[in-house]
Amino acid sequence: MSKYVVTIVLAITLATPVVYSDNSTMTKHLKVLIASNDLPVSGVKLLQEHFTVVQNRFSYYGDDEKVQSQEECLKLVPGCSAIVWASSHSITDELLDKAGPNLKIVATASAGYNHCNVDGLKARGIKLTNTPGVLSAAVAEIAITLMLVTARRFTEWLQQVESGKWVNGLDKYLGQDIRGSTVGIVGFGGIGQATAKRLAGFEVARIIYSGHREKPEGKALGAQLVPQDDLFQQSDFIILSAPLTNETRHMINRSTLGKMKKNAIIINVGRGDLIDQEALYEALKNNDIYAAGLDVTTPEPLPADHKLLKLPNVFVTPHIGSGTERTRNEMAILAAKNVINALTGKSLITPVLP
Ligand code: DGY
């Protein structure tokens, strides 16, 4: 064999990742940080098959843990090629700087990525992926749950059950029907559409949505695009499933609340900051609108003595939209697969920053 041929064979061999019999590529030398202790084990295992995984021993919930968690991440991140982020806390410039030049991708196990420091990632040329799609059904189920419990005044009923004093007269504490109502969906992406699909059996009068353009899926779901002000004025239920951006921050405020019907019910499964909470509190307290069902708040957790929680027409859940076993596993696996693809030169499955 000539020297020339040997060189070519050697070059090809070196450029091709070694594939083991179990199909994993030789990527074990790459370090991946799982940035909290609560990523479902399915995602952790998949990452461990391919990489050297370091995992934060703490979660981001609870005041003490939050500080420990941040410190541990800063300790573990130097030299990492990927970070899997599984919390809604912000990714700081400090963390990205500490990671250093090896860092190629951040994979957040969430659909929302407002906490991901997109500018910081962009400036450093780091890819970002999220996990849309796999969580739409679960979040839509929580949206429907919150519609039901607010329309049927569960906060008050639960108080009565707890106190043992039921006021169950035929004309007492009557709720509202979903049947015959107009449901307005702000943010008609995966979650908004999954919610519309699930409303099919509720005999609603209309489903309307707002947004920049008509969605091709709208027609089949019987949903109609309307200007946002019309949606606020006409809806009996207003479901917020939009991402948090500069444009959507505080879209529910004194002015938009003032346009709503007296019987309007606001459901938020997007992000707490879609709502100016002070304005919402006033509107609920004065019965300018009927009720609110919130799976997301500002801050999270909402302090137990928060004035919103004292209102009879509010029902709050602790950001559990995607919280089913199946969905959280699918999110973890999708985040892990995005990391694998990014670090083995394949296309990202759900890119935010490709
Ligand atoms: C998301 O993925 O953005 C959801 O808020 C998680 O529940």
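The values are calculated or read from the model by the stated rules, or taken from the named source; none is laboratory data. Keep in mind that this is a model prediction, so the values were computed, not measured. Methodologically, a virtual Cβ is constructed for each residue, glycine included, from the backbone with ideal geometry; neighbour enumeration extends over all protein chains shown.
Worth pointing out:
- Residue within the stretch 160-174 that is within 29 Å of ASN114 (Cβ to Cβ), more than 16 Å from the ligand (Cβ to nearest atom) and either of a type in the set (A, V, I, L, M) or not assigned by TED's automatic domain parsing to the domain that holds LYS310 (or both) present: no
- Test for LYS197: is it under 27 Å from VAL134 (Cβ atoms), surrounded by fewer than 20 Cβ atoms within 10 Å (Cβ to Cβ) and without any contact (Cβ under 8 Å) to a residue 12 or more places away in the chain: no
- One residue alone among ALA111, ALA107 is under 19 Å from ILE340 (Cα atoms), within 16 Å of the ligand (Cβ to nearest atom) and part of a loop (DSSP other than H, G, I, E, B), and that residue is ALA111.
- Members of the stretch 119-144 that are assigned to a helix (DSSP H, G or I) and within 14 Å of the ligand (Cβ to nearest atom): SER136, ALA137, ALA138, VAL139, ALA140, GLU141, ILE142, ALA143
- Look at the stretch 309-331: where a residue is at negative phi and a partner is within 11 Å of the ligand (Cβ to nearest atom) and of a type in the set (Gly, Ala, Ser), sitting 6+ places away or on another chain with Cβ atoms under 6 Å, you get SER322/ALA138; THR324/ALA138; THR327/ALA138; MET331/ALA109.
- Test: residue in the stretch 275-288 that is in contact with an Asp or Glu (Cβ under 9 Å, 6 or more places away or on another chain) and among the hydroxyl-bearing types (Ser, Thr, Tyr): no
- Residue that is surrounded by the most Cβ atoms within 10 Å (Cβ to Cβ), among those in the stretch 315-344 that are farther than 18 Å from GLN48 by Cα and more than 11 Å from the ligand (Cβ to nearest atom): PHE315
- ALA304 satisfies every condition listed in (1) buried (at least 19 other Cβ atoms within 10 Å of the Cβ); (2) free of Cβ contacts under 8 Å to residues at least 24 places away in the same chain; (3) aliphatic (A, V, I, L, M) except (1).
- For the stretch 75-104, filtering for residues that are touching a helix residue (DSSP H, G or I) at 6+ places or on another chain (Cβ under 9 Å), within 16 Å of the ligand (Cβ to nearest atom) and among the small types (Gly, Ala, Ser) leaves 2.
- Considering the stretch 34-58, the residues that are assigned to a helix (DSSP H, G or I) and out of contact with any helix residue (DSSP H, G or I) (no Cβ under 6 Å at 6 or more places or on another chain) include one that is surrounded by the fewest Cβ atoms within 10 Å (Cβ to Cβ), namely VAL41.
- Elements of type strands (runs of 3 or more DSSP E) in the stretch 279-354, at least 2 residues being over 19 Å from THR145 (Cβ atoms) and touching a Leu at 6+ places or on another chain (Cβ under 6 Å): 351-353
- Selection within the stretch 80-101 - over 19 Å from the mean Cα position of the chain (by Cα) and either among the aliphatic types (A, V, I, L, M) or within 13 Å of LYS127 (Cβ to Cβ) (or both): SER81, ALA82, LEU95, LEU96, ALA99
- Some residue of the stretch 145-156 being within 14 Å of the ligand (Cβ to nearest atom), under 23 Å from LEU353 (Cβ atoms) and surrounded by 22 or more Cβ atoms within 10 Å (Cβ to Cβ): no
- Of all residues in the stretch 199-230, those that are more than 26 Å from LEU257 (Cβ to Cβ) and either of a type in the set (A, V, I, L, M) or in a helix (DSSP H, G or I) (or both) total 4.
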